[in-house]
Amino acid sequence: MNTVQLILLIAAFVAFLLAALNAGVPRVNLIGLGLALYVLNELIPVIDKL
């Protein structure tokens, strides 16, 4: 696993955790942020093969 992928997975986990704990972060959709980071994590190997 690449270091960038690990950082993205940890950031996505933190975003999901904050969303589950109902953290009041203004103007940020934490579930959407977590999903975007997770999808970006899955796209990195595909882009890397190009």
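The values are calculated or read from the model by the stated rules, or taken from the named source; none is laboratory data. All figures in this text were calculated on a predicted structure; none of them were measured in a lab. Surface accessibility is based on the protein's heavy atoms, side chains included, excluding ligands, DNA and RNA. Shrake-Rupley method; radii C 1.70, N 1.55, O 1.52, S 1.80 Å.
Computing the accessible area with a 1.4 Å probe over protein heavy atoms, can you report the carbon and sulfur percentage for the chain?
The value for the chain is 71 percent carbon and sulfur by accessible area.
Using a Gaussian network model on the chain with a 10 Å cutoff between Cα atoms, which of V25, V39, V14 fluctuates the most?
V25
Using the alpha-carbon atoms, what tilt in degrees (0 to 90, nearest 10) does helix 30-49 show relative to the longest principal axis of the chain?
Here the helix axis deviates by roughly 0 degrees.
Among [x] 66; [y] 49; [z] 119, which is the computed volume of the Cα convex hull per residue in Å³?
Step by step, volume of the Cα convex hull per residue in Å³ for this structure corresponds to label [x].
Give me the 1.4 Å probe accessible area per residue for the chain, excluding ligands and nucleic acids, in Å².
79
Just need the relative contact order of the chain here, percent rounded to a whole number, with Cα pairs under 8 Å and 6+ apart.
Over the chain, the number comes to 46 percent.
Helix 3-20 versus the longest principal axis of the chain: what angle, 0 to 90°, nearest 10, using Cα atoms?
Value to nearest ten degrees: 20.
From the helices alone, meaning DSSP H stretches of at least four residues, give me the mean residue ellipticity at 222 nm for the chain, per-run term -39500 (n - 2.57), in deg cm²/dmol to the nearest 500.
-26000 deg cm²/dmol
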